[in-house]
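Notes follow once the structure below has been shown.
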């Protein structure tokens with residue numbers, strides 16, 4: 001398969017587009033802090049053997065496009081990125097959590113979308129055609 005990744009037991013193409021925002025949409029991800037966010041997200045990906053395809057840090061939100069193995073649940077992926085990055089940033093920049101009562105950096109919500117090299121229509125057509133044989 002073209003552009004597929006492999007684990008010991010699986011060949012896969014699983015890519016997620018994740019977006020999450022800062023608590024109260026505060027525009028705090030600028031300058032040195034934005035650089036730290038990018039750095040920590042890349043370290044998290046390397047540690048977990050995930051491939052970051054694209055990453056954009058905006059003043060009040062993060063976009064990341066990442067490829068992960070099939071054993072990784074999408075909600076856990078977000079939890080790891082947000083949790084580890086918040087712990088690191090709040091320990092290094094405690095003032096980032098001052099405006100919220102619980103010293104939260106990220107809002108609890110997020111967006112996640114999937115992407116691959118094959119469209120849903122192509123997969124459906126392939127499965128339908130297999131039934132004829």
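222 nm [θ] for the chain, helices only, -39500 (n - 2.57) per DSSP H run of 4+, per residue, to 500?
About -12500 deg cm²/dmol.
What's the exposure ranking of 103, 109, going from fewest to most Cβ atoms within 10 Å?
Result, fewest neighbours first: 109, 103.
For helix 74-92, what angle does its Cα long axis make with the longest principal axis of the chain, in degrees from 0 to 90 and rounded to 10?
The angle comes out near 20 degrees.
Between residue 114 and residue 26, how high is the FRET efficiency from 1/(1 + (r/R0)^6) when r is the Cβ-Cβ distance and R₀ = 30 Å? Nearest 0.05.
For residue 114 and residue 26, the calculated efficiency is 0.55.
Using only alpha carbon pairs under 8 Å that are at least six residues apart, calculate the relative contact order of segment 12-131 and give it in whole percent.
39
Here, each number is a calculation from the coordinates, and none is a lab measurement. What you are looking at is a predicted structure, and each value in this text was computed from that prediction instead of being measured. Virtual Cβ from ideal backbone geometry, glycine too; neighbours counted across all protein chains shown.
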